[in-house]
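**Q** The structure under discussion is supplied below as structure tokens; questions concerning it will follow.
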Amino acid sequence: MASPSNNNPAAEKPTAFVMTPEDFANLGAPVLAYVRPVQTLEGIAAYGIFSASGQQIGIAPERDLAFAAARQHELEPVSLH
């Protein structure tokens, strides 16, 4: 059995993947929902539900309800501080 060749340094280093700002914004887009505290236009504390791109897709009066709403829409909620 032949041993692996160490003559090709490029074979040892993985190729770097460069993400554009758009790629980064869409990371997790199909499955993640970010939940963070927000204020309504009336100044009431609530929890916003956001897509991976930052677009607000919902709002709930309590954190637990925001998480439940995301899960009802087959999204995985995560906290964003």
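**Q** With (1) in a loop (DSSP other than H, G, I, E, B); (2) modelled with pLDDT of 80 or more; (3) touching a Lys or Arg at 6+ places or on another chain (Cβ under 9 Å) as the list, and residue 81 as the residue in question, which single condition is left unmet?
**A** The single condition residue 81 does not satisfy is (2).
**Q** Of everything in region 51-67 that's assigned to a helix (DSSP H, G or I) and under 17 Å from the mean Cα position of the chain (by Cα), which residue is surrounded by the most Cβ atoms within 10 Å (Cβ to Cβ)? Break it down stepwise before answering.
**A** We begin by selecting, within region 51-67, every residue assigned to a helix (DSSP H, G or I); these are 63-67.
Going one step further and asking which of them are under 17 Å from the mean Cα position of the chain (by Cα), we end up with 66-67.
Details: 66: 25, 67: 20.
Among residues in region 51-67 that are assigned to a helix (DSSP H, G or I) and under 17 Å from the mean Cα position of the chain (by Cα), the one surrounded by the most Cβ atoms within 10 Å (Cβ to Cβ) is 66.
**Q** Further, regarding this structure: For residues that are surrounded by 11 or more Cβ atoms within 10 Å (Cβ to Cβ), under 9 Å from the mean Cα position of the chain (by Cα) and over 12 Å from residue 79 (Cα atoms), tally how many sit in region 30-50.
**A** 0
**Q** Do you know which of the residues in region 1-29 that are surrounded by 10 or more Cβ atoms within 10 Å (Cβ to Cβ) and part of a loop (DSSP other than H, G, I, E, B) is modelled with the highest pLDDT?
**A** Checking each candidate, the answer is 19.
The values are calculated or read from the model by the stated rules, or taken from the named source; none is laboratory data. Model, not experiment: these values are computed from the prediction. Virtual Cβ from ideal backbone geometry, glycine too; neighbours counted across all protein chains shown.
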